[in-house]
Amino acid sequence: MAEMLSGGDMLIRALQDEGVEYIFGYPGGSALHIYDAIFRQQKIEHILVRHEQAATHMADGYARSTGDPGVVLVTSGPGATNAITGIATAYMDSIPMVVISGQVPRDLIGTDAFQETDMVGISRPVVKHSFMVRDAAEIPAVVKKAFHIATTGRPGPVVIDVPKDTTDPSATYAYEYPSEVNLRSYKPAFAGDRTQVNRVVQALLSAKRPVFYVGGGVIQADAEEPLRALVKASRGPVASTLMGLGAYPGSDEQSLGMLGMHGTYEANMAMHEADLILALGARFDDRVTNDPNKFSPKATIVHLDVDPASVDKIISSDIALVGDAQWVLNTFWEAYQEQESLRDDAARQKQQQDMEQWWQQIAQWRSAHGLNHNLEPKKDQSILPQLAVQTLYRVTEGEAFVTSDVGQHQMFAAQYYHFDEPRRWINSGGLGTMGFGLPSAMGVQMGNPDAVVACVTGEGSFMMNMQELSTCLQYGLPIKIINLNNQALGMVKQWQDMQYGGRHSQSTYSDSLPDFKTLAEAFGHVGIRVSDAMELDAAMEEAFSEKYKNRLVFVDVWVDPHEHVYPMAIKGGAMSDMILSKPQEAAS
Amino acid sequence: MRSILAVLLENEAGALSRVVGLFAQRNYNIESLTVAPTEDPTLSRLTLTTSGDENKITQIRKQLDKLVEVVRVVDLCESPHVERELLLIKVSAQGDARQEVKRSADIFRGQIVDVTAQTYTIQLVGPSAKLDAFVKAVEDSGVDATILEVVRTGVSGLGRGDHVLSL
C-alpha cells in the first residue's frame, strides 16, 4: 500500500526520489510547510543562503560543474522575485535547474495577499517551462515532469509554484513517484540525421581551412570525447566560445583559445578565413559573429544544435544537424573513421598539404598578435590583471574550477587560464550577470567537495553578492577568491575610454571601497592584499597553500586600473576586424 | 508575407499566455488570434495570423514548437486551405440608406441579425479580405449610413482535402 503523505512531505520525498543532494534556499511564510518537511528528513541537505539570488547561482554552479540539475527553494513574493536574476542567468546559458517557489494559499491568489506575486507570470520569459500546483495530489507527477523538462533536450530552468495550502500537513495523499514521464507535446530531438552527418564528413575530408567552432552545447551533452577524437584525427583548429572553453583542452596546440568580441587574434582570423565552419553546440551569438552579414564569407557552415530554433536563426547553415551533441558527434566520429579509411593516398596527401598550409597561416597570426602567456612581473610596476590570472593558472596547475563574474576580469580569466577539461570554467555568458561568481563557486564547491575552486572576480561584481561570505563560513566552503581590484567598473570604463571620450560616467568609486582584507576577516575568513607585482607569486602561493586548505581566502589583488581587454571586435565589422591595443601603444 | 498558423495546444491554464507572451517577448506581431477547445477537451486549437519574411515565419514556428504545451504547428498558407472570419457590424441607416445597406448586405451574402428603426446589425462570414471589402463598401456607400460598431472574430482555418492537423 502506498504511503500516505502530506503535500509538503510528498514534495520533499519526490526530490529524494529524483536523487537530489542539495536544496539551495531561503525560508519564508508560504514555504514553511515545505521547510518543516525538510527538517523531518536527513537525505537532502538544505543550504541556507543570505539572499535568494545567490541560491539560484549556487544551484547553477552546482549544475554546471556536475551536470546534475540544481534545486532551489524560495518563498513567495520577494523570495520569488529575488530568484529571477538567477533563473534568467540559467535560462540564457541553458542550465538545468528546478526552482520551487512558495505561493500564497489558492483561495488568496489574485487578492494581492501579503507576499503574493504572480511567479508563473513574472518568470515566464526566462524559464523553459513552469507549473503551478493546482491540486496537492499532482505534486509527485509535477516534480517528475519538471526534472524531465529541465534536463532533456536543450536544458533550462523550470519553476514549480506551490500554493501553501497544497503543502498543508493536515491532508495526506497516497504517495507514488512516477517511474517515467510521457509528454505528448514535448519530444526533444535526440538522434540526428545520418545522411546529414555523412555530408559533414565529406565536407571535413575535403576542407582546406576547417575550424571547429565549439560552444557550451558540447559540454552540456558531455560530448567532449568524440569532439577530441575528431579534432585530433582531422588536425583542425578549435576556436571555442566563452561557454565552450574546456570541451577541447585549452593547452593543446590545436586550440586557438576563445573567439569573439575578446577572442584571440588567431581564432577570429581563422573563423573569417575558414572554408568550413563546424559550429558545434554554439548559437552564433552577437558577441561571436560581430556583423552577421560579414560573417565568414568563404565558409560552408555546418550547424549542430539540439534546439531546432537555434539553427538558421542568425546565420543560415549549409548543413544542419539537429540532435543531441553526444549522439551526433559519436556518429560523426564513426562515419569519419569509416570514410577516411576509404580514401586513397593521393586524397590523403592532398589534404595533409592543405592542412599544413592552414596551420602555417595560423602560426603567422599567432606570432603576430597572439596573447603572451609568459608575462613577467616587473619591479615598481602595478600588477597586470592578465599576470594575476596567469599566476593563478600556474599555482593551481591548471586544474582548478574557476568561476567568474562579469567584466574585464571575466575576459582575462577566459583568455589566460587554459581549461583542459569541460565543466571547469563557470561563468554567466548569455545574461552577463554580475554577482554570479561567488555563489556559483559555492555551488561548485558543494558539488565537488575535494576540488580546488577559485572565483576570479572584480570588486564591483563581488560586492553584488558578498553577503554570501557568511554562508561560506556556515558550510566551511574553502573557496579562493581572486579579486582583480581596479577600483572601477572596468569594462564600463574601458568602453567609456574607447567610445565616450574618456568620460567615466558612474563607473568609479575608488574613495569608498571597503578594505577587502579586513572585510574577509570580519566574515571569519582569511584576507590577503597584494599590490606589488613582485609579491604576487607569494600571495597566490599562500592562498592555495596547505595552511589554508580548509579556509576561504580572499586575495585582494590591486591591478593596473588603466588596463583594457584586447583584442576587441570593432563594432559593425567582420570577425577579422579587431582593435589589438590602445591607440597610443599601437603608435609607439 | 501573411501567415496563418494553426496550433494544437494542451488545454491547460496558462498555455495561452505562453503563446501570447512569446510573441511580445520576441517582437513578433499578432494580427488576429482565435482559440477554443477542440472535440478532444484536452486540446485547444488556436489560429493566429501574423506576417513577416520567410525566415521570420520559420523562426516563429520553431519558437512556438519549443513551447512545452504546444503539440503541433502548421502554416495553413503553405497549402490549399479554407479560412473564415465572422464579422458583426452595426450600421446606423435612415431613409434611402436603409435600402442601400440592406442591398450591400445581400450582395455580400450577409445576414441581418438585428434591426431597429435606426440601425441594422449585420453578420458576415468569409475570408478576411471579403470582410474588409464589405466594411469599405458600407463606408463608401455615399448614402447616410454610419458604422457604429465593428467586431471581428479573427481568422479560423483548416487545410483542404486530406490535410488534417491532429495528434
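The values are calculated or read from the model by the stated rules, or taken from the named source; none is laboratory data. Because the structure is a prediction, the values reported are computed rather than measured. Note that each Cβ is placed from the backbone with ideal geometry, even for glycine, and that neighbours are counted across all protein chains shown.
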Point to revise | Any hit, region A:408-425, residues being free of Cβ contacts under 8 Å to residues at least 12 places away in the same chain and farther than 17 Å from A:GLY86 by Cα | key: no
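One line per residue, one yes/no per condition, for (1) assigned to a loop (DSSP other than H, G, I, E, B); (2) in contact (Cβ under 8 Å) with a residue 40 or more places away in the chain:
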residue	(1), (2)
B:SER104	no, no
B:TYR120	no, no
B:ALA129	no, no
B:ASP132	no, no
B:THR146	no, yes
B:GLY154	yes, yes
B:GLY157	no, yes
B:GLY161	yes, yes
B:VAL164	yes, no
Review point. Does A:HIS303 qualify as being within 14 Å of another protein chain (Cβ to nearest Cβ), outside any loop (DSSP other than H, G, I, E, B), in contact with a Ser or Thr (Cβ under 9 Å, 6 or more places away or on another chain) and of a type outside the set (Asp, Glu)?
Key: yes
Exercise for review: Tell me, yes or no, whether region A:531-542 has at least one residue that is closer than 29 Å to A:GLU52 by Cα and either hydroxyl-bearing (Ser, Thr, Tyr) or surrounded by 13 or more Cβ atoms within 10 Å (Cβ to Cβ) (or both).
Suggested key: no
Revision key, fill the gap. Of (1) among the small types (Gly, Ala, Ser); (2) surrounded by fewer than 23 Cβ atoms within 10 Å (Cβ to Cβ); (3) within 27 Å of the chain's Cα centre (by Cα), A:GLY29 satisfies every one except (3)
Practice item. Scan region A:407-422 for residues that are under 18 Å from A:ALA63 (Cβ atoms) and in contact with a strand residue (DSSP E or B) (Cβ under 8 Å, 6 or more places away or on another chain) and report the count. Key: 1
Review point. Out of curiosity, is A:TYR62 aromatic (Phe, Trp, Tyr), touching a residue at least 12 places away in the same chain (Cβ under 8 Å), closer than 30 Å to A:SER310 by Cβ and in contact with an Asp or Glu (Cβ under 9 Å, 6 or more places away or on another chain)?
Key: yes
Review point. Taking region A:376-402, which residues are hydrophobic (A, V, I, L, M, F, W, C) and within 21 Å of the chain's Cα centre (by Cα)?
Key: A:VAL389, A:LEU392, A:ALA400, A:PHE401, A:VAL402
Review point. Applying the selection to region B:66-77, what residues are facing chain A (nearest Cβ under 7 Å) and acidic (Asp, Glu)?
Key: B:GLU69
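One line per residue, one yes/no per condition, for (1) surrounded by fewer than 22 Cβ atoms within 10 Å (Cβ to Cβ); (2) touching a residue at least 60 places away in the same chain (Cβ under 8 Å):
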| position | (1), (2) |
| --- | --- |
| A:MET10 | no, yes |
| A:GLY19 | yes, no |
| A:TYR22 | yes, yes |
| A:HIS46 | yes, no |
| A:MET58 | no, yes |
Exercise for review: Answer with yes or no whether B:SER44 is under 26 Å from A:ALA189 (Cβ atoms), small (Gly, Ala, Ser) and buried (at least 16 other Cβ atoms within 10 Å of the Cβ).
Suggested key: yes
Check your understanding: Looking at this structure, is B:SER141 more than 22 Å from B:THR38 (Cα to Cα), part of a strand (DSSP E or B), more than 18 Å from the chain's Cα centre (by Cα) and not β-branched (Val, Ile, Thr)?
Key -> no
Practice item. Quick one: A:ILE362 ticks every box in (1) closer than 30 Å to A:ILE481 by Cβ; (2) among the aliphatic types (A, V, I, L, M); (3) more than 25 Å from the chain's Cα centre (by Cα); (4) surrounded by 20 or more Cβ atoms within 10 Å (Cβ to Cβ) except a single one, so which number is it? Key: (1)
Exercise for review: For region A:319-353, enumerate the residues that are in a loop (DSSP other than H, G, I, E, B) and either surrounded by 18 or more Cβ atoms within 10 Å (Cβ to Cβ) or free of Cβ contacts under 8 Å to residues at least 24 places away in the same chain (or both).
Suggested key: A:GLY323, A:ASP324, A:LEU342, A:ASP344
Revision key, fill the gap. The correct count of residues that are more than 10 Å from chain A (Cβ to nearest Cβ) and touching a residue at least 40 places away in the same chain (Cβ under 8 Å) in region B:9-30 is 1
Review point. Counting just the residues of region A:312-339 that are over 22 Å from A:LEU230 (Cα atoms) and either in contact with an Asp or Glu (Cβ under 8 Å, 6 or more places away or on another chain) or among the polar types (S, T, N, Q) (or both), which one comes out nearest to the other protein chains (Cβ to nearest Cβ)?
Key: A:SER316
Review point. Out of curiosity, is A:ALA233 assigned to a helix (DSSP H, G or I), more than 21 Å from A:SER317 (Cβ to Cβ) and of a type in the set (Gly, Ala, Ser)?
Key: yes
Practice item. Please tell me if B:ALA6 is small (Gly, Ala, Ser), farther than 22 Å from A:GLY121 by Cα and either touching a Ser or Thr at 6+ places or on another chain (Cβ under 8 Å) or within 14 Å of chain A (Cβ to nearest Cβ) (or both). Key: yes
Point to revise | Checklist (1) touching a Cys at 6+ places or on another chain (Cβ under 8 Å); (2) free of Cβ contacts under 8 Å to residues at least 40 places away in the same chain applied to A:GLN499, failing item | key: (1)
Point to revise | Every residue from region B:39-50 that is polar (S, T, N, Q) and away from chain A (no Cβ under 14 Å) | key: B:THR47, B:THR49, B:THR50
Exercise for review: Test B:GLU149 against the criterion of being over 13 Å from the mean Cα position of the chain (by Cα), modelled with pLDDT under 95 and within 24 Å of B:SER32 (Cβ to Cβ), and give yes or no.
Suggested key: no
Check your understanding: Does region B:66-104 hold any residues that are of a type in the set (Asp, Glu) and buried (at least 16 other Cβ atoms within 10 Å of the Cβ), and which are they?
Key -> B:GLU69, B:ASP75, B:GLU83, B:GLU85, B:GLU100
**Study point:** Neighbours by Cβ (under 7 Å, 6+ apart or cross-chain): first from region A:532-561, within 16 Å of A:ALA451 (Cα to Cα); second assigned to a helix (DSSP H, G or I)
**Key:** A:PHE544/A:VAL395; A:LEU552/A:CYS472; A:VAL553/A:ALA543
Point to revise | strands (runs of 3 or more DSSP E) wholly inside region A:102-220 containing at least 3 residues that are modelled with pLDDT of 95 or more and away from chain B (no Cβ under 14 Å) | key: A:172-175, A:210-214
Revision key, fill the gap. Residues of region A:101-134 being within 35 Å of the chain's Cα centre (by Cα), small (Gly, Ala, Ser) and surrounded by 15 or more Cβ atoms within 10 Å (Cβ to Cβ), in sequence order, are A:SER101, A:GLY102, A:SER123, A:SER130
**Study point:** Of the criteria (1) free of Cβ contacts under 8 Å to residues at least 12 places away in the same chain; (2) within 14 Å of chain A (Cβ to nearest Cβ); (3) under 14 Å from the mean Cα position of the chain (by Cα), which one B:THR58 fails
**Key:** (3)
